Amino acid sequence: MTSPIITVSDPVHSSELLTLIPRRGAIASLGLAAMAGVGMGFDQSAFAQNSSPVKPSPTPISPADMGWDPAAKQYVLPPLPYKYDALEPHIDKQTMELHHDRHHDGYVKGLNKAMAMLAEIRSGKRDASEVKHWSRELAFHGSGHLLHVLFWNNMAGAPDGGGQPSGEIAKKIDTDFGSFKAFSDHFQAAATNVESNGWGILALEPVSGQLMVMQAEKHQNLTTWGVAPLLVIDVWEHAYYLKYQNKRKDYVAAFMNVINWKAVDRHFTAIVAATKHG
Ligand SMILES: [Fe+2]
């Protein structure tokens, strides 16, 4: 079986993180220009001039969505796609400010640091014995950055947030889980019961073409390699503690009111088209 790990063909845009995004090995390499149609709605014009013609990627995450600066070869914290108070009353403004401006920014800075240190190891400026440490830092901060980008973009305030899905993702949920309620109950139970910090994830497993609900402990400990995350909920305490304290179940239930199902459907259909499942 081919490796599910992305390979980035354009060295100008390559980075350690992009090599970690799981995907089907046979799919074309990730690039900037082709992502416009499957991006998550961020303004991608800032990086468009650096684009090169490449085939579409199955991931809905573009380098611009990720804040990748190809000139500096670093990531910058992408802005939220809405105002800090857009998800009130379900997710409060103060939590969003702290979560995005402090926690997410910390992952971006940690990712850049890890990439820089690994580059120094490759060039001989640092000892190879540091690879283990900086590889862990890369996985931790890189996975955290990727999942937060997904998280912000799979939420929306009224009137777009919450309710039930429509489109292809709605049909797929019915087919694979039996009903939206069965999915919702499973998803909320998985997210509520993540051991310590982590994530609840709805993902597409591209080999079988099946949807799956999964848990990820911390950021980097995924339970299944190769999946494409479609919908994620952050259940680290920093995501909810100010408003919900230890009542994670209430936060998870409130999250269901801000899911942007139109965005999830766009991600799903783009990935299905690229992996030829559906
Ligand atoms: Fe978080």
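We did not get these values from a lab; they are worked out from the coordinates using the rules stated. Treat the numbers as computed from the prediction; the structure is a model and nothing was measured. Virtual Cβ from ideal backbone geometry, glycine too; neighbours counted across all protein chains shown.
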Surrounding charge for ALA182, neighbours by C-beta under 10 angstrom, Lys/Arg +1, Asp/Glu -1, total -2
Packing-wise, with mean Cβ within 10 Å as the measure, how do 256-265, 159-168, 138-147 rank, highest first? 138-147, 256-265, 159-168
Once the other residues with Cβ under 13 Å from the Cβ of ASN193 are scored (Lys, Arg +1; Asp, Glu -1), what is the net sum? -1
What is the dipole size for segment 167-275, taken about its Cα centre, with +1 at each Lys and Arg Cβ and -1 at each Asp and Glu Cβ, in debye to the nearest 20? 260 debye
Under 8 Å for C-alpha pairs, at least 6 residues apart: give me the relative contact order for segment 167-275, rounded to a whole percent. 26 percent
Volume per residue that the Cα convex hull of segment 167-275 spans, once the total is divided by residue count, Å³: 95 Å³
Does segment 86-184 come out rounded, prolate or oblate by the C-alpha gyration tensor, with a ≥ b ≥ c the root eigenvalues, rounded set by a/c under 1.5 and, if not, prolate when a/b is larger than b/c and oblate if not? oblate
LYS172 neighbourhood, Cβ < 14 Å, K/R = +1, D/E = -1, net charge -3
Ranked packing of 98-110, 195-207, most packed first, by mean Cβ within 10 Å: 195-207, 98-110
